[in-house]
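Colleague: Dropping a structure here in structure tokens format, bear with me for questions.
The values are calculated or read from the model by the stated rules, or taken from the named source; none is laboratory data. Everything numeric here is computed off the predicted structure, so don't read it as measured data. Neighbour counts are summed over all protein chains in view; Cβ atoms, including those assigned to glycine, are modelled from backbone coordinates with ideal geometry. These accessible areas exclude ligands, DNA and RNA; they are computed on the full protein's heavy atoms, side chains included. Shrake-Rupley method; radii C 1.70, N 1.55, O 1.52, S 1.80 Å.
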Amino acid sequence: MKRIALFASGSGSNAEKIAAYLANQSEITISFVLSNNPKAGVIDRARRGFNAGQHVPVILFDRKTFYETERITQLLRDQEIDLIVLAGFMWLMPAGLVQAFPNKIVNIHPALLPKFGGKGMYGHFVHEAVVAAGETESGITIHYVNEHYDEGQIIFQASCAVAPTDSPEDVARNVQVLEHEHYPRVVAELLA
Ligand code: GRF
């Protein structure tokens, strides 16, 4: 059995798609969801079993625990986590955690890295920047995570057209379709 830990602090739509996809794969399980945001939509989704029939425990932590203790790294080690999946997790991963799980932490970014990445480039800011730059395409980047925002090795990209009339909301919608289509499959393939 391969074990995933999901880090998320937003609505959790990607986490839910991953859970639904993995519900059909008996050899991979989501051990728990970790979040720094007690109000995150992902928590309700996890407690409902992500609509995939499996209850997924939620672990909440604060900034001090994450950056000033080894508790989260130790938990991931104790549970023998094979892959750490970031799905809308905003905080930088601490160096100790990255070093403890080399090439075992992945993230999805809602643009075609290396463009439109880095600190502060998240959510609507990304899509606003893409439109403001007059880009003709955007997309998703699934990449390994290191100690810097959005700089780890790229695993997979998919793109979508951006029309001159598209608003940032239009781009966000098209990018989200790509996220939901590809992230679950790529995660499963990394564990195959
Ligand atoms: C996604 O756009 C993802 O690319 C980014 O954070 C967002 C999470 O959305 N890293 P959701 O919480 O999965 O709906």
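Colleague: For the structure I just gave you, tell me whether S159 is within 16 Å of the ligand (Cβ to nearest atom) and either in contact with a Cys (Cβ under 8 Å, 6 or more places away or on another chain) or modelled with pLDDT under 95 (or both).
Modeller: Working: within 16 Å of the ligand (Cβ to nearest atom): yes; either in contact with a Cys (Cβ under 8 Å, 6 or more places away or on another chain) or modelled with pLDDT under 95 (or both): no.
In short, no.
Colleague: Scanning the stretch 18-30 for residues that are outside any helix (DSSP H, G or I) and touching a helix residue (DSSP H, G or I) at 6+ places or on another chain (Cβ under 9 Å), which turns out modelled with the lowest pLDDT?
Modeller: Q25
Colleague: Which of the residues belonging to the stretch 59-115 are among the basic types (K, R) and under 16 Å from the mean Cα position of the chain (by Cα)?
Modeller: First, the residues of the stretch 59-115 that are among the basic types (K, R): 63-64, 71, 77, 104, 115.
Listed by number, the list holds a single entry, K104.
Colleague: Also: Of all residues in the stretch 1-17, which are surrounded by fewer than 24 Cβ atoms within 10 Å (Cβ to Cβ), in a loop (DSSP other than H, G, I, E, B) and either within 11 Å of the chain's Cα centre (by Cα) or more than 8 Å from the ligand (Cβ to nearest atom) (or both)?
Modeller: Scanning the stretch 1-17 gives M1, S9, G10.
Colleague: Of A163, A172, which residue is part of a helix (DSSP H, G or I), farther than 21 Å from I4 by Cα, open to solvent by less than 50 Å² (accessible area, probe 1.4 Å) and among the small types (G, A, S)? Walk me through it before giving the result.
Modeller: Details: A163 fails: part of a helix (DSSP H, G or I).
The unique qualifying residue is A172.
Colleague: Examine the stretch 152-160 for a residue that is under 13 Å from the mean Cα position of the chain (by Cα) and of a type in the set (F, W, Y), and state whether such a residue exists.
Modeller: The answer is no; no qualifying residue exists.
Colleague: Select from the stretch 75-100 the residues that are within 30 Å of H124 (Cβ to Cβ) and assigned to a loop (DSSP other than H, G, I, E, B) and write down the one among them that is most open to solvent (accessible area, probe 1.4 Å).
Modeller: M90
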